[in-house]
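Any read-out appearing in this document is the output of simple, stated calculations on the displayed coordinates, not a laboratory observation. Keep in mind that what you see is a predicted model, and the values were worked out from it rather than measured. Note that each Cβ is placed from the backbone with ideal geometry, even for glycine, and that neighbours are counted across all protein chains shown.
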Amino acid sequence: MAAPAPSASTGGTPTPITIAGKRVVGQITAQAGQVIENVHVTTTSGSCIVVNGVSNVIIRNSEIGPCGRPGDPDTQGVEIRNASNITIQRNVIHDVSSGVYAVTSHHPIIMDRNYVYNVRGPLPRGQMIQMNNVSGGTDGSKVTCNVSDAASGTRYGVLHNNVTDGIEDHINMFQSPGLAGDRTEIAYNRLRGGHKISTSGSGFVMGDVGGGHVNAHHNTLVNVANVGAGIAGGTNISIDDNRIYQHKDQAPYVNLGLMVWGQAGAACTGGHTVRRNRVWTLNSLGVQNSYWNAGNCADVQQEGNVFADSSLTPDIYDEIPSACN
């Protein structure tokens, strides 16, 4: 059965070449109901776009970055605080501490069809997107069809991974439960590369220090640092139909492919699924380490997974999901 398409509006993901040539503007502080589009936002201090205490903001078809200076963690591409109903769509975001950082806000937050590179950190930032204490609201959040590329090299005429530290978790849900009736959707994203120093990162992690009600499906992860994907706490989290490839010779540090492990004292109360994933992970010890369930997350439904899947190669990253065209 074909995978369902995301509900966000259609249109392909831009690249640094296709987005170039927009009118250059400085830092933008968003107003309620504002549409920010067709600009190149850059600043030498702070975040490029600040969304604070407002709702119903759309940011689309723009280049965002560079934002602030290396070494400053408060230099996000889009900084969201005490806000709700925010859409970030079809942008190129680069040279930022994090692409999108949403804190103490309400669902929905939509991040769809963005191209993100040169996420530089430093910790605790260093994500394509992090939701931190995001809860409640009217509809489920979505992180769909994004490209987060932290592998070194020149692509689309720009140098990637030109940073000191790099990306920690491409996608992180920190104490951010989705809605029970409309779970946060993490789908069709392509995530590659990892932090140059840290040994604690991931492609995506759900239920970090609590949360839950997340559906992560049909994502492609290649050579991200430490862990490919994981459930770290919470309830009602699905990791289904994803592909994860990791090789010790192609990433700074590789631990395992997919995990279920209640960490940092967070409640991990079950209702989770790990289904139909394909994983190949040769870790930094030279051991195949595709899946680990620590046994402290109550019931976990596991079925149809293929671990140590030798048919996977790094080339899966270049396959664009049909749902994202």
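Shown for region 90-185 is the translational diffusion coefficient from the Stokes-Einstein equation, using the Kirkwood radius over Cα pairs, a temperature of 37 °C and a viscosity of 0.692 mPa s: 240 µm²/s.
Projecting the Cα atoms of ALA150, PRO177, SER135 onto the charge dipole of region 131-200, computed from C-beta unit charges around the Cα centre, puts ALA150 farthest toward the positive end.
Each residue of region 224-233 was assigned a 3J(HN,Hα) from its phi angle through the Karplus expression (A = 6.51, B = -1.76, C = 1.60, θ = phi - 60°), giving 7, 6, 6, 10, x, 8, x, 9, 10, x Hz with x at Gly and Pro.
Distance between the pseudo-spin-label points of ASN38 and GLN288 (7 Å out from Cα toward the beta carbon): 5.4 nm.
For region 264-325, rounded, prolate or oblate, judged on the Cα gyration tensor with a ≥ b ≥ c (square roots of eigenvalues), a/c < 1.5 rounded, else prolate if a/b > b/c? Verdict is oblate for region 264-325.
Between SER200 and THR104, the modelled labels are 2.3 nm apart [label points 7 Å from Cα along Cα→Cβ]. Annotation for ILE320 and THR18: the two label points, set 7 Å from Cα along the Cα-Cβ direction, are 0.5 nm apart. In a fully extended conformation the segment linking ASN56 and TYR156 would gain 32.8 nm over its present Cα-Cα distance, using 0.36 nm per residue. With 0.36 nm allotted per residue and the present C-alpha distance subtracted, the SER135-ASN82 stretch has 18.0 nm of extension available. Within the same chain, lysines fewer than 8 places from LYS196 are excluded, and of the rest, those with a Cα less than 19 Å from its Cα are LYS248.
The protection proxy used here, the mean number of other Cβ atoms lying within 10 Å of each residue, ranks peptides 69-79, 264-274, 214-224 as follows, highest first: 214-224, 69-79, 264-274. About its Cα centre, the dipole of region 174-257 is roughly 300 debye, where the only charges are +1 on Lys and Arg Cβ and -1 on Asp and Glu Cβ.
Counted residue by residue at 0.36 nm each, then reduced by the alpha carbon distance between them, the extension gain from ASP299 to ALA264 reaches 10.7 nm.
Using only the Cα atoms of region 29-150, build the gyration tensor, take square roots of its eigenvalues as a ≥ b ≥ c, and label the shape rounded, prolate or oblate: rounded if a/c is under 1.5, else prolate if a/b is larger than b/c, else oblate.
On the way: a/c = 1.42, a/b = 1.33, b/c = 1.07.
Rounded, because the longest to shortest axis ratio a/c is under 1.5.
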